[in-house]
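J.: The structure under discussion is supplied below as structure tokens; questions concerning it will follow.
Just so it is clear, none of the values below were taken in a lab; they were calculated from the coordinates. As the structure is a prediction and not an experimental result, all values here were calculated from the model. All Cβ positions, even for glycine, are placed from backbone atoms using ideal geometry, and neighbour counts span all protein chains on display.
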Amino acid sequence: MSVLLDARGLTKRYGDFTALDGVSLTVSEGEFVSIIGPNGAGKTTLVNIVTGLAPPTAGQMSFRGLDIVGAGPVTLARRGLARSFQLVNVFPALTVAETLAVAVCARLGRGRRFWSSLAADRAVHAEVGEIAAVFGLADRLARLARTLPQGDKKLLDVASAFALGPELILLDEPTSGVSTADKHAIMDVMVGAARRLGVKAIVQVEHDMDIVFGYSDRIVALHQGRVLADTTPDGIRRDTEVVATVLGKPRS
Amino acid sequence: MSLRLAVAAALGALALFPLAGRDYYATLMLPFFGYGIALLGLNLLFGTTGLLSFGHALFVALGAYTAAFLTSKLGVLDLEVILMAAAVAGAVIALPTGLLCVRYVRIYFGMLTLAFGMLFYSFLLKFYAVTGGDEGMRVLRPRLLGLAWTSFSKVEFLTGPFYYYSLAVLVLGAVVMWRIVRSPFGLGLRAIRENAGKAEFTGVDVRRYRLSAFVVAAVFGAVGGALLPIPTGLADPLLAYWTHSGNLVFMLLLGGFGNFFGPVLGAFVFIVLQDQVMSITQYWRFVFGAILAVVVVFFPQGLTGLLDRRQRAGT
Amino acid sequence: MSWALAAGAPPPIFPLVLVGAGLGLALVGPVIERLLRTIYDRDESFQLLLTFALVLMFEDVIRFVWGTAPHQLSSAYLVYGQLRVGGLVIPVYNLVVIAAGGAIAALMGFLLARTRFGRIVRATAENRGMAEAMGVDVSRVYVRVFTLGVALGTVGGALVIPATAAVNEMGIDLIVEAFAVVVIGGLGSMRGAVAGALIVGIMRAVAVATYPEVEMLAIYVVVIAVLVLRPAGLFAKAAA
């Protein structure tokens, strides 16, 4: 299976403080990778660097072989890498349909068209409808984003990242703020959406270990800016160091 | 449905105006066309993209002086050429200024645009040899559609051919702007206004979109500005002064920036109001200041906002 | 912030009375602050608009009270005579104004750095929530600071009158200059304001003496340069 993301030796220093120290991460097609670690381990920094929010102090990154160091979010989206955010982020005065359309237009390269009517663009409408259906938002297409309940806003936020048609999607705490009862439902929606929409790999940062162990093919444990372990869920469970630092004492 | 009816009625009224009313009122309406076009541009920048420019008058003045320069210095009298030249001038100046200005948002964008506007004003005022300084530059009567209309007196020309020509340019401009706003590009601009950070992560190149909006707004400003000095025959540095930019924003706010037709309505109301108030009292500035203050504090959505509210309350 | 009010021209001669008149007029401060307070939460662009509205209104108020002809106090100006230094002739009044300016700046510096009021103002500026939590009546601080700002404007305007003349449109021109001063010096810094004022003033004087056309242009070029290179101004407080 081909490699999508290949990051090696990523280091990020803020003055004297080293947030990441030589972190490497490889994600291939078909993988579901979870990044875990205590607060301050560098998870968010890693995600921010990989998704173009901040440049690494040292290290290399490539996506499908193309160097992506210093590439901004728009370029990355075009190459096939998208992300969602931990804190819900919407376009308050745009409808659900319009929000998804922004991403779909970017994917279909409609951005340069300042003359054609969006309302008449059937291809865009079809895709918007499909994505909304996959995420269970089809009956709310005409609602303004700011009037949606919190859970739906989160779904919309994630859906608009999926709507970019990426090959690899990075989810930053996708179930944060969601009640425990709904967490599995949301994860199932996202995994189903990924399959339907042709997303080839998912990377998530997650704290809820049930979710992590329930869905991941691989788990990467970070601690103080370094990779503690990068293996299967079983491998993580057997790794006493990871268990001690990240998972807390095992339940006896 | 009722919107289309309202627009059609307004167009009809405007078209019949010179035939029905007195010449004074027809000439009063002439700046409305120029301002309407300029404001369509400003609304793209503020209403659609969320960037409030306090230097839009720069482009209005640029258009005016382009018209003046072409007619009185180069002898080019075809209005079609003049309008195109103004559009090009607007774009040429907007590219470097825009590149600088769109890096900043909110009050910094406002301040930068204000500074550029004043920079242009000082240039117009001080470089007497080129621009005529505070005396301004003359604008000669242009040829419309290749005809010089020499048989028409000045008033007949202004309230006849020139009036309808300006109306046509405004309508054309509105159609173009309507399509821009309704396009994928327009949607991208609105996304930027709503949440620029998220827009960047939804595939929208924020910097490039903002720059494009800035240039389009500048082109509209310049084209509107080119029409403005023709009735008076004079292009004046004060067209670029910051208070003129302030007036443009005032008109925009008055009409309502959340609505496509808001700015045009604002221009209309401003001009009519200015005429009425000036005839009643010499302290029109006080009245206008008070109106602006009231609008800013209580009705930031402007007249169209009020109409929207009433419509929603009625249903 | 950048509120410049063209003070009316009072009859008496002595600078102290000018200052007094300026202070008296500053009483409009609290009223205006109460009005501006309504839109503190909104985008600062709206505040700029509201200030513009107030400028328009005040221009006409002044016109109403004092008429449209420029008022002069050149008699006061000339009474002070002139000084001959080397080959230069310097009107003494100018020196008086410079001295007054320096004194006021020093007074402001002392007020902010050494007095209890100054400390409260600085604390509120840094962290409004925290100041409120510690018992500071933030609204009263805002009113007082705003009025102080207005007073500086009116006194400054009053002091300048004998050297130039009181014209209706003074306020509008002054606003842009004050704005240039604040942008160059940096928002939130008193030292910056002084530095900005000096820079603007000197630049204007130099330009008038060398290339008069460049006078205003140069200032705006500097404003743009500052906004681009150091958007917070030359002396802005370092980001926390």
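J.: What chymotrypsin sites (Phe, Trp or Tyr not before Pro) does the stretch C:26-59 have in DSSP loop regions with at most 11 other beta carbons within 10 Å?
T.: Details: sites: C:40, C:46, C:52, C:58; in loops: C:40.
Counting only loop positions with at most 11 other Cβ atoms within 10 Å, the chymotrypsin sites (Phe, Trp or Tyr not before Pro) in the stretch C:26-59 are C:40.
J.: Something else: Using a Gaussian network model of chain B with C-alpha springs under 10 Å, which one of B:190, B:182, B:103 is most mobile by mean-square fluctuation?
T.: B:182
J.: Also, I was wondering about something else. In degrees between 0 and 90, to the nearest 10, how far off the longest principal axis of chain A does helix A:150-162 point, with axes built from Cα atoms?
T.: With rounding to tens, the tilt is 90 degrees.
J.: Note the direction-averaged projected area, equal to a quarter of the hull surface, for the Cα convex hull of the stretch B:148-247, in nm². Spell out each step's value before the answer.
T.: On the way: hull surface 33.6 nm².
Averaged projected area of the stretch B:148-247's Cα convex hull equals 8.4 nm².
J.: How large is the convex hull of the C-alpha atoms of the stretch B:1-105 per residue, in Å³? Intermediate values should be presented prior to the final figure.
T.: Numbers: hull volume 14.8 nm³, N = 105.
Residue-normalised Cα hull volume stands at 141 Å³.
J.: Further, regarding this structure: Take residue A:191 and residue A:224, extend 7 Å from each Cα along the Cα→Cβ direction, and tell me the distance between the two endpoints in nm.
T.: Each label point lies 7 Å from its Cα, and together they span 3.5 nm.
J.: Then there is this: Where in the stretch B:216-239 does the amide nitrogen come within less than 20 Å of the point 7 Å from the Cα of residue B:178, taken along Cα to Cβ?
T.: So the set is B:217, B:220-221, B:224.
J.: Modelling each spin label as a point 7 Å along the Cα-to-Cβ direction, I'd like the residue C:40/residue B:88 distance in nm, to one decimal.
T.: 5.3 nm
J.: If you wrap the stretch A:3-247's Cα atoms in a convex hull and average its projection over all directions, what's the area in nm²?
T.: 13.5 nm²
J.: Does the stretch B:81-233 come out rounded, prolate or oblate, given a ≥ b ≥ c as the square roots of the eigenvalues of its C-alpha gyration tensor, rounded meaning a/c under 1.5 and, failing that, prolate meaning a/b above b/c? Walk me through the intermediate numbers first.
T.: Details: a/c = 3.30, a/b = 1.56, b/c = 2.12.
Cα axes put the stretch B:81-233 in the oblate bin.
J.: Average partner chain C-beta neighbours within 10 Å, per residue of A:67-75? Mind showing how you got there, number by number?
T.: Numbers: counts 0, 0, 0, 0, 0, 5, 9, 10, 1.
Counting other chains' Cβ atoms within 10 Å and averaging over A:67-75 gives 3.
J.: So, by mean Cβ neighbours within 10 angstrom, what's the order for B:89-102, B:205-218, C:110-123, B:135-148 with the highest one leading?
T.: Numbers: B:89-102: 19.4, B:205-218: 23.0, C:110-123: 13.4, B:135-148: 16.8.
Final packing ranking: B:205-218, B:89-102, B:135-148, C:110-123.
J.: Another question, then. Applying 1/(1 + (r/R0)^6) with R0 = 35 Å to the Cβ-Cβ distance of residue A:14 and residue C:116, what FRET efficiency is obtained, to the nearest 0.05? Intermediate results must be reported in sequence, preceding the final value.
T.: On the way: r = 38 Å, r/R0 = 1.08.
Taking R0 as 35 Å, the efficiency between residue A:14 and residue C:116 is 0.40.
J.: Let me ask something else. Subtract the Cα-Cα distance of residue B:4 and residue B:100 from 0.36 nm times their separation in residues, and report this length gain in nm to one decimal. Don't skip to the end; give the middle numbers.
T.: Working: separation 96, 0.36 × 96 = 34.56 nm, distance 3.92 nm.
Contour length minus Cα-Cα distance gives 30.6 nm.
J.: Here is a follow-up. May I have the extent of the alpha carbons of the stretch B:254-295 along their three principal axes, as whole Å values ordered from largest to smallest?
T.: Principal-axis extents of the Cα atoms in the stretch B:254-295, largest first: 33, 19, 8 Å.
J.: So how long is each side of the protein assembly as shown along the principal axes, counting just the alpha-carbon atoms, biggest first, in Å?
T.: Over the protein assembly as shown, Cα extents along the principal axes are 96, 73, 52 Å.
J.: Taking the DSSP beta bridges in the protein assembly as shown as the whole, what percent of them are antiparallel, to the nearest 5? Write down the numbers at each step before the final one.
T.: On the way: 29 of 47 bridges.
Percent antiparallel among DSSP bridges in the protein assembly as shown is about 60.
J.: Which FRET efficiency, nearest 0.05, do residue B:276 and residue C:148 yield, Cβ-Cβ r, R0 41 Å?
T.: Working: r = 40 Å, r/R0 = 0.97.
According to the calculation, E is roughly 0.55.
J.: Would you mind computing Rg(Cα) / (2.2 N^0.38 Å) for chain B, counting N as its residues? Can you show the working numbers first?
T.: Details: Rg = 19.1 Å, N = 315, 2.2 N^0.38 = 19.6 Å.
Normalised Rg, Cα atoms only: 0.98.
J.: Also, quick follow-up: Given an 8 Å cut-off on Cα distances and at least 6 residues of separation, report the relative contact order of chain A as a percent.
T.: Taking the mean separation of contacting Cα pairs over the length of chain A, I get 27 percent.
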